[in-house]
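Novice: I am attaching a structure below and will ask some questions about it afterwards.
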Amino acid sequence: MRRQNRTLTKKELECAVKVHVSHFDASLLTREKEEEAIDVLADAFKDNPKFAWVEGLEVNDPDKDQKKYNFSRCLQAYANHRVLNGKRGVAVGARDEHGELIGCMTLVPSSCSRERRIDNIAANARLGTTPMEKTEEYCPDSRQRLEAMGELPKLRDQHMANARRWLCLQSIGIRPEARGKGHARELLRLLTKTADSLLVPVYVEADSKNDESMYKKFGFRTVETVHAHVAGDKSSTGDLTLYLMRRNPRYAHRRVSCAQMAGAEIKFEKARISRRIRFETVPAS
């Protein structure tokens, strides 16, 4: 079977990362670093706009900081433990001058993009408390907001539907105290180098305008803006805006399939409805 006719495998992705990682200030993470990496991601994402939207915590909540960290850790563990243990993808780390892990990037190839029921069973057995159970500690609409996030993989699949071989940037985070030193830039440079060598597009969800602007500097373009809101929610934390982005590989004209990828745009004209949750979408300009 010709390579462009099958999905991108984890082995292909891992091999490509290994080829390029030595040229960057980064290293592949082994499964022994899973807990350390989850802690880094939990710390990096505790103030993430998407997570904050699901939590809906009051500003004057005395336990706000601890609740944010706990929820972030729970979500990151569920989202990434099968990547960090090498089953569904590849994890790359960034370290400071003392060798401490201060950043993590998780990548999922198209062949592993769909979560299987066994993944959820394994997560329950491995991690115990589920994100849904965690929502009981947060705002009244927290559970419905978390359910809304279940629509995002469907939108991702539609935006990547014209490519069998693609790559998802699932998470990238740097500890707050280590930001501004170029660690995220190094990880993203490694990502784009790897994707270009494989001639595959990359998908990512940006949670803020700042993140959207950062990804644009690395060749990503916004293909859809999503406005999420729980029906009947009139709270001050009830609205969330996400930017769905895609980066096509450089030198895509060298292959017909990649040329088709580069020229394709998917636009959504109507609002998307999920259970009790409305997704208002804005097509890319």
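The values are calculated or read from the model by the stated rules, or taken from the named source; none is laboratory data. Computed from a predicted structure; not experimentally measured. Using ideal geometry, Cβ is built from the backbone for each residue, glycine included, and neighbour counts are taken over all protein chains shown. Protein only, heavy atoms only, side chains kept; ligands, DNA and RNA dropped before computing areas. Shrake-Rupley method; radii C 1.70, N 1.55, O 1.52, S 1.80 Å.
Novice: How many nm is it between the label spots at Lys18 and Lys64, if each spot is 7 Å from the Cα in line with the beta carbon?
Specialist: Placing both labels 7 Å along Cα→Cβ, they lie 4.7 nm apart.
Novice: Could you give each residue of the stretch 46-57 its phi-based ³J(HN,Hα) in whole Hz, using Karplus coefficients 6.51, -1.76, 1.60 with θ = phi - 60°, and x for Gly or Pro?
Specialist: For the stretch 46-57, the Karplus-derived couplings read 5, 10, 5, x, 5, 5, 4, 5, 5, 5, x, 6 Hz, x marking Gly and Pro.
Novice: Now for a different question. Under 5 Å between amide H atoms, partner at least 5 residues away or on a different chain: which partners does Leu240 have, H built in plane at 1.01 Å?
Specialist: Ala228
Novice: Okay, moving on. Can you work out the Karplus-derived ³J(HN,Hα) for every residue in the stretch 84-94? Use 6.51 cos²θ - 1.76 cosθ + 1.60 with θ = phi - 60°, whole Hz, and x for glycine or proline.
Specialist: Once θ is set to phi - 60°, the couplings for the stretch 84-94 become 5, 8, x, 7, 10, x, 10, 10, 10, x, 10 Hz.
Novice: Going through the cross-link list Lys64/Lys209; Lys10/Lys217; Lys10/Lys67; Lys64/Lys87; Lys68/Lys216, which pairs have a Cα-Cα distance over 30 Å in this structure?
Specialist: Lys10/Lys67; Lys64/Lys87
Novice: Keeping every protein chain in place, order Thr237, Thr192 by accessible area at 1.4 Å, biggest value first, i.e. largest first.
Specialist: Numbers: Thr237 45, Thr192 20 Å².
Heavy-atom accessible area, descending, gives Thr237, Thr192.
Novice: How high is the FRET efficiency from Ser197 to Thr30, r the C-beta distance, R0 22 Å, rounded to 0.05?
Specialist: Working: r = 22 Å, r/R0 = 1.01.
About 0.50, to the nearest 0.05.
Novice: Using a 1.4 Å probe and ignoring any ligands, DNA or RNA, find the accessible area of Ser236 and quote it in Å² to the nearest 10.
Specialist: Ignoring ligands and nucleic acids, Ser236 comes out at about 120 Å².
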